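Participant: Before we start, here is the structure in question, set down as structure tokens.
The numbers here are math on the coordinates, done by the rules we state, and not lab data. Keep in mind that this is a model prediction, so the values were computed, not measured. Cβ sites come from the backbone with ideal geometry, for glycine too, and all protein chains shown count toward neighbours.
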Amino acid sequence: MQIDPRLLHLSPLDNVVVARESLAAGCVLMLDGRAFTLAKDVQRGHKIACRSIQPGEKVLKYGAPIGSAVQTIAPGEHVHLHNIKSDYTATHIIGSPAAEAQ
């Protein structure tokens, strides 16, 4: 896969890439020879879809599933809690006081 140097593709199995630096909305990224314009800011370390991901499909990072898409995620779109759910931790408790106490 040809990839923008501001992105990191951790495994050939992954359907996401990782931002090596914070990227501003409107930034144009190259993923496998196609240009994508970011609709929203993406912080360093956050994920971006490198292909279309359908609802219910596993999101793969490091070649392993980290969650499931809850809506269609377009190539070049930020992948985070707003469009995936963890297969391991209920999203509604991440960052909650109850989760912090555990």
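Participant: What residues qualify as long-range amide H neighbours of GLU77, i.e. H under 5 Å apart, gap of 5 or more or another chain, H built at 1.01 Å from N?
Facilitator: Long-range HN contacts for GLU77: ALA49.
Participant: Can I ask one more? When the C-alpha atoms of the chain are aligned to their principal axes, what extent does each axis show, in angstrom, from largest down?
Facilitator: Taking max minus min along each principal axis of the Cα atoms, the chain gives 44, 25, 22 Å.
Participant: Please state the relative contact order of the stretch 7-93 as a whole percent: Cα pairs under 8 Å, 6+ residues apart?
Facilitator: Details: 202 pairs, mean separation 23.5, N = 87.
Relative contact order comes out at 27 percent.
Participant: Compute the separation of the alpha-carbon centres of the stretch 1-48 and the stretch 50-80 and state it in Å as a whole number.
Facilitator: Centre-to-centre (Cα) distance: 13 Å.
Participant: How big is the charge dipole of the chain about its Cα centre, in debye rounded to the nearest 20, if each Lys and Arg gets +1 on its Cβ and each Asp and Glu gets -1 on its Cβ? Intermediate results must be reported in sequence, preceding the final value.
Facilitator: Details: 10 positive and 9 negative charges, 18 e Å.
Magnitude of the dipole: close to 80 debye.
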